[in-house]
Amino acid sequence: MQKPDVIAAIREVLQIELDAMARANVLARDEATTNKPENKYDTRALEASYLASAQVDRMVDLKQLIGFYEVLVPTELGAVQVGALVQLEDDRGSRWVFIAPHGGGKRVVVGAEEVTVLTPRSPLGRALAGLGVDDEATWETPGGQRTLEIVSVS
């Protein structure tokens, strides 16, 4: 698994989300500006304006996150921190995670492997912070305590 490939895949997923959000924002703005209330209780235009405003906020967040990935230099890291690509293993098998400043929860496929984007504030992200190869991360899940071994950090 190569970190530049993971970064490119995450950036692509974020750009697709940004493009979809921009298209939806155009529709919401049109709805807000062209809808005349049918009566004093008709709030469709007002609701559309709130939606358009929230979409703009989300688009700003996505642009900032895409900017992070555009300037991220894929260097080798010795410990888990923002920008780290981490391979984890337990009795269920191996998995990959990428530590991002925010925007966690996304999953991308690189080659035949799936990579989950985590933030340092997520339960697993907190458990992994500062650990290195051969360390074990333990954290609480709704199903009980879970432990994963760190196989690689790049």
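The values are calculated or read from the model by the stated rules, or taken from the named source; none is laboratory data. Keep in mind that what you see is a predicted model, and the values were worked out from it rather than measured. Glycine also receives a Cβ, built like all others from the backbone with ideal geometry; neighbour counts cover every protein chain displayed.
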Within segment 126-140, can one find any residue that is β-branched (V, I, T), within 21 Å of E76 (Cα to Cα), part of a loop (DSSP other than H, G, I, E, B) and at pLDDT 95 or above? yes
I'm trying to understand the selection: among the residues of segment 1-60, which are part of a loop (DSSP other than H, G, I, E, B) and acidic (D, E)? E38, D42
Tell me whether segment 132-149 contains one or more residues that are of a type in the set (S, T, N, Q) and either assigned by TED's automatic domain parsing to the domain that holds R11 or touching a Gly at 6+ places or on another chain (Cβ under 8 Å) (or both). no
Answer with yes or no whether R11 is under 30 Å from A127 (Cβ atoms), at pLDDT 95 or above and among the basic types (K, R). yes
Segment 37-61 residues that are in contact (Cβ under 8 Å) with a residue 40 or more places away in the chain, paired with ones that are surrounded by 12 or more Cβ atoms within 10 Å (Cβ to Cβ) and not in a loop (DSSP other than H, G, I, E, B) (beta carbon under 7 Å, 6 or more apart): M59/L18; M59/M21; M59/A22; M59/N25
In the list L77, L131, L88, which residue meets the criterion of being free of Cβ contacts under 8 Å to residues at least 60 places away in the same chain and surrounded by 15 or more Cβ atoms within 10 Å (Cβ to Cβ)? L131
Search segment 1-58 for residues being surrounded by 12 or more Cβ atoms within 10 Å (Cβ to Cβ) and among the basic types (K, R), and hand back the single one that is nearest to E114 (Cα to Cα). K3
Taking V97, is it at pLDDT 95 or above, surrounded by 13 or more Cβ atoms within 10 Å (Cβ to Cβ) and either small (G, A, S) or in a loop (DSSP other than H, G, I, E, B) (or both)? no
Quickly run through segment 103-125 and pick out the residues that are at pLDDT 95 or above and on the phi > 0 side of the Ramachandran plot. none
